[in-house]
Amino acid sequence: MPFWGGKASSSSASTQTLGNSYQNQRRGQLLDSSGTDSAARRAGGASVSSIARSLIPHRRRLRLDPPTKLFFPYEPGKQVRSAVRIKNTSKSHVAFKFQTTAPKSCFMRPPGGILAPGESIIATVFKFVEHPENNERPMEQKSKVKFKIVSLKVKGPIEYVPELFDEQKDQVAVEQILRVVFLDVDRPSPQMEKLKRQLAEAEAALEARKKPPEDAGPRIIGEGLVIDEWKERRERYLAKQQIEGLDSV
């Protein structure tokens, strides 16, 4: 009886050990499969979210005026100008850049820059107007040239370089595509009057930027010689006192 009982107990113990090892192995397989499934689900979710982000229109960072068009005076054979006001309506610094389908006949001033929150600038766009074909009238002259303004959120007031948009291509957003509209220079219109005001404002801002900043600090002359105005005044005062003393003697 003792021998039989010991054999039975050892057999049951071995059976229990095999059962535990099978359960552990099965549990590991389940964990592996669940981990694989969760990873697949995460990957699938990431791809779905990226697709969803690409389909959802981004929140605009810039406000343009005019919003969708660039008005140019129609003067064939001449280089004419248009203007657009660009304002940063976001809460962060934003870099912007102009792009055009005709870089040989068009250019922008400035071609790009960085705007602080709430800051605005008037950009000037230059374009050479071709002569019409088949004696077309000015209003029938259609231009295939288009302009595009892209934006990029940046951290703080950093220096603008065009390479910013190449380094962060995934974060670049298209703000607006502007089409060209010609205006008859001999016919007054609200668009022409507004264009003249914006161009005058852009020229005034350009002249203001050209002026050297006023320096209220000490003057620097020659090889780093600093002249203290208060010291200079005191020296003149003492010299005057000495002259008056000599005259009295």
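Each value in this text was obtained by applying a stated rule to the coordinates, not by laboratory testing. Worth saying up front: this structure is predicted, and the values here are computed from it rather than measured. Because the Cβ atoms are built from the backbone with ideal geometry, glycine has one as well, and the counts that use them run over all protein chains shown.
May I ask you to order 162-174, 82-94 by the average number of other C-beta atoms within 10 Å around their residues, highest value first?
Numbers: 162-174: 12.2, 82-94: 18.8.
Those peptides, ordered most packed to least, come out 82-94, 162-174.
Given in Å, the Rg to one decimal and the Dmax to the nearest whole number for the Cα atoms of the range 53-124 are 14.2, 45. On the principal axes of its alpha-carbon atoms, the range 77-160 has extents of 53, 21, 17 Å, going from largest to smallest.
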